Amino acid sequence: MIVVFGSLNVDIVMQVERLPRPGETVIGGRCFQVQGGKGANQACAAARAAPPDGAGVAMVGRVGDDDWGRFALAVLAEEGVDLSRVGRSAEPTGCATICVDAAGENAIAVASGANLTARADQVPDAWLAPGTWVVLQMEVPAAENWALVARARAAGARVLLNVAPAAPVPAEVLGQVDVLAVNAGEARMLGELVGLKGRTPGDVVRGLAEAHGLLCVATLGAEGALAAGALGADAGAWAVGALPVAPVDTTGAGDAFVGCLAVALGGGAPVPEALRFAAAGAGLACLEAGAQSSFARRGAILARVPEIRPTAMA
């Protein structure tokens, strides 16, 4: 079972020729509304990437008691995600405004709303057991994340923490995490906390893995992904390339990577194969506008995995 504790948003996406500078107004073209939030995105990506006979995906968080709240849950419901522990809040449903330029790059601002009322005790004890993967990000209160990490660890569940958006994580929490997922900027921020300022991404990934006894995975956009550390019987350092695509919109690609990674690791895949699967899912998510609307299904991901070769990280 994969339990995702995190944010649920409505995304307002605006397509522009280029991203605005501070104080500048840029006139764009199409604007549309889609489901988002890092937690919901990762749950959606995992549900689509999971095998049909898998143990299932559950989403835990909060939305407002409003029309946007119902909209935010629609795709997850269609994908069969367990929503029984998604609560309703007096705060409005979270919202993100996303500008996407002609090259597919984005700039995002988030109004957290109901996400700030998510609580770790929404996750029942029965869901925290060996065989469960708990997936967390940084768009709900950090103290609730840390409380859930401690409970999951004590119960024998695996923990995948995606430090996105970038924020400090206490060393004692990192010591309870099985897999730490970051992008290049997030890796730099965490690396500085353990004395790795100015190092290469590979050095930072290795340093974080060694400092906290975990598997550290860093996504590097078009340059692929790196991983180092140990998870079960797998120990070492690996690199994979990115899927060769012409991006339309990179929004949600990192969430697709994390959701697919959780599915692969939860299914017992070796780390190099899990990285290839996640990289393929992330690449395919760049081919359509929006986040959840762009996530590929398992068959499409598996068909592209052979294009991604794992190598030992130098």
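Between Ala74, Ile108, Pro130, the Cα set farthest toward the positive side of the dipole of the range 66-149 (charges on each charged residue's Cβ, about the Cα centre) is that of Pro130.
Each of Asp249, Asp53 was scored by other Cβ atoms within 10 Å of its Cβ. Listed from fewest to most, they are Asp53, Asp249. Peptides 38-46, 25-33, 264-272, ordered by how many other C-beta atoms sit within 10 Å of their residues on average, highest first, read 38-46, 264-272, 25-33. For the chain, DSSP calls about 45 percent of its internal beta bridges antiparallel.
Using only side-chain charges placed at the Cβ, +1 for Lys and Arg and -1 for Asp and Glu, the dipole size of the chain relative to its Cα centre rounds to 360 debye.
Computing FRET efficiency as 1/(1 + (r/R0)^6) for Glu172 and Thr200, where r is the C-beta to C-beta distance and R0 is 22 Å, gives about 0.20.
Computed over all pairs of different Cα atoms, the Kirkwood value for the hydrodynamic radius of the range 192-314 is 14.6 Å. About its Cα centre, the range 155-227 has a charge dipole of approximately 60 debye under the convention of +1 per Lys or Arg Cβ and -1 per Asp or Glu Cβ, with nothing else charged. Work out the P(r) tail for the range 16-156: percent of alpha carbon pairs separated by more than 27 Å, whole number. Here the tail beyond 27 Å accounts for 30 percent of pairs.
Taken about its Cα centre, the range 41-159 carries a charge dipole of roughly 420 debye when the Cβ of each Lys and Arg holds +1 and the Cβ of each Asp and Glu holds -1.
Since only Gln292, Ala269, Ala280 are under comparison, the one whose Cα sits farthest along the positive direction of the charge dipole of the range 244-314, derived from C-beta charges on Lys, Arg, Asp and Glu, is Ala269.
Here the range 24-77 and the range 107-126 have alpha carbon centers that stand 13 Å from each other. Distance between the C-alpha centres of the range 85-100 and the range 163-222: 28 Å, rounded to the whole angstrom.
In the chain, helices alone account for a calculated mean residue ellipticity at 222 nm of -9500 deg cm²/dmol, with every DSSP H run of four or more residues adding -39,500 (n - 2.57).
When the Cα positions of Leu243, Cys31, Gly213 are compared along the charge dipole of the chain, Gly213 comes out farthest toward the positive end, with charges on each C-beta of Lys, Arg, Asp and Glu.
Under the membrane-span-like helix rule (DSSP H runs whose alpha carbons stretch at least 15 Å along the helix axis, mean Kyte-Doolittle hydropathy 1.0 or higher), the chain yields 253-266. For Leu287 and Ala154, the FRET efficiency from 1/(1 + (r/R0)^6), where r spans their Cβ atoms and R0 equals 25 Å, is about 0.05.
Taken together, the values in this text are just the output of simple stated rules run on the coordinates, not laboratory data. This one's a predicted model, so the numbers in the text were calculated from it and none came from an experiment. For neighbour counting, all protein chains shown are included, and Cβ atoms are generated from backbone atoms with ideal geometry for every residue, glycine included.
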